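K.L.:
Have a look at this one.
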Amino acid sequence: MDKEAGKKRAGQEAAKFVERGMTLGLGTGSTAKHFVDALAPKAADGWQLKGVPTSEATRRHAESIGIEIIEPDETTIIDLAVDGTDEADPNLNLIKGGGGALLREKIVANAAQKFIVIADKSKRVAALGAFPLPIEIEPFGWATTIRNIRTGLKTAGFDNLKLELRIHQGEVFKSDGNHLIADCALGRIDDPATLDQLLGAIPGVIETGLFCGLTDIIIYGDEDGVSIEKA
Ligand code: 5RP
């Protein structure tokens, strides 16, 4: 399957949900980039779109195609947020954060009136967990936090977990908010919402890449077209 074509189709389909004057949450990653690209003709046509970007990379891209950028606190309404995902299950739960933007992505998805996820079809899984779960953590005391995450996960029955601090191009990865990411290979997550709560209760954990109960619609693209799943 041509994944890139699937991503582009999904991004273009999501752009059909956009209306004039909307304030949009703009996701991060290669699929979300296709959505922003699909907004370019609308922006050029005077649709007066505003964008709340979830990363500095998305901010630069959206600005370059003429979308007015606003901060989340400059608006009380985000009409629609559109973002990619690393995995999605049949209940529309997600693992996100492969690009390290999970905290801002979750804030924006949660604030939006509607959250549409776009993905190539390979991201659809029967159960989450093959993709290592990103967990955003505070740099202060990070080793202690990672030890506590490991202990918590073992207590929850994840015996063969692999937990690593994210390294990018030989350096410790820092999010746009200057936090660290621990990537946690769990194998299979049967109850993502409970796991999210367990991890979120550990001091030093800022956010997890588990997005549960946030998605309204997923648009999958593949070489044949798009398919849509609704909550
Ligand atoms: C970034 C994300 C991305 O949406 C996710 O990693 C998917 O990326 P891509 O569309 O490039 O496959 O969560 O933090």
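The values are calculated or read from the model by the stated rules, or taken from the named source; none is laboratory data. Note that the structure is a prediction, hence the values are computed from the model and not measured. Using ideal geometry, Cβ is built from the backbone for each residue, glycine included, and neighbour counts are taken over all protein chains shown. Surface areas here come from the heavy atoms of the whole protein model, side chains and all, with no ligands, DNA or RNA. Shrake-Rupley method; radii C 1.70, N 1.55, O 1.52, S 1.80 Å.
K.L.:
Let me spell it out: the conditions are (1) surrounded by fewer than 16 Cβ atoms within 10 Å (Cβ to Cβ); (2) within 16 Å of the ligand (Cβ to nearest atom); (3) over 20 Å from ASP216 (Cβ atoms), and THR144 meets all of them except one. Which number is the exception?
P.N.:
Failed condition: (2).
K.L.:
Pairs needed: first member in region 183-208, within 22 Å of ASN91 (Cβ to Cβ); second member anywhere, among the aromatic types (Phe, Trp, Tyr); C-beta distance under 8 Å; at least 6 residues apart or different chains.
P.N.:
Matching pairs, first to second residue: LEU186/PHE158; GLY187/PHE158.
K.L.:
Count, please, the residues in region 19-51 that happen to be touching a residue at least 60 places away in the same chain (Cβ under 8 Å), open to solvent by 10 Å² or more (accessible area, probe 1.4 Å) and at negative phi.
P.N.:
Selection size over region 19-51: 3.
K.L.:
Starting from residues that are within 16 Å of the ligand (Cβ to nearest atom) and small (Gly, Ala, Ser), keep the ones in region 52-67 and report whichever is most open to solvent (accessible area, probe 1.4 Å). Working first, answer last.
P.N.:
First, the residues of region 52-67 that are within 16 Å of the ligand (Cβ to nearest atom): 52-62.
Next, from what is left, pick out any that are small (Gly, Ala, Ser): 55, 57, 62.
Details: SER55: 8, ALA57: 58, ALA62: 0 Å².
Applying the filter and picking the extreme gives ALA57.
K.L.:
Here's something else I'd like to know. For region 174-231, what are the residues that are hydroxyl-bearing (Ser, Thr, Tyr), assigned to a strand (DSSP E or B) and open to solvent by less than 30 Å² (accessible area, probe 1.4 Å)?
P.N.:
From region 174-231, those hydroxyl-bearing (Ser, Thr, Tyr) are 175, 194, 208, 215, 220, 227; that's our starting set.
The next check asks that each one be assigned to a strand (DSSP E or B); those that pass are 208, 220, 227.
Hits for region 174-231 are THR208, TYR220.
K.L.:
Scan ASN110, ASN91 and give me the residue that is within 16 Å of the ligand (Cβ to nearest atom) and either not small (Gly, Ala, Ser) or not in a strand (DSSP E or B) (or both).
P.N.:
Values: ASN91 fails: within 16 Å of the ligand (Cβ to nearest atom).
Result of the check over ASN110, ASN91: ASN110.
K.L.:
Within the group LYS16, LYS106, which residue is surrounded by fewer than 16 Cβ atoms within 10 Å (Cβ to Cβ) and either touching a residue at least 24 places away in the same chain (Cβ under 8 Å) or not assigned by TED's automatic domain parsing to the domain that holds PRO192 (or both)? Walk me through it before giving the result.
P.N.:
Working: LYS106 fails: surrounded by fewer than 16 Cβ atoms within 10 Å (Cβ to Cβ).
Going through LYS16, LYS106 in turn, the sole match is LYS16.
K.L.:
Within region 155-173, work out how many residues are exposed (fewer than 10 other Cβ atoms within 10 Å of the Cβ) and of a type in the set (Asp, Glu).
P.N.:
Keep residues of region 155-173 that are exposed (fewer than 10 other Cβ atoms within 10 Å of the Cβ), which gives 155, 157, 159-160, 169-171.
Next, only the ones that are of a type in the set (Asp, Glu) stay: 159, 171.
The qualifying residues number 2.
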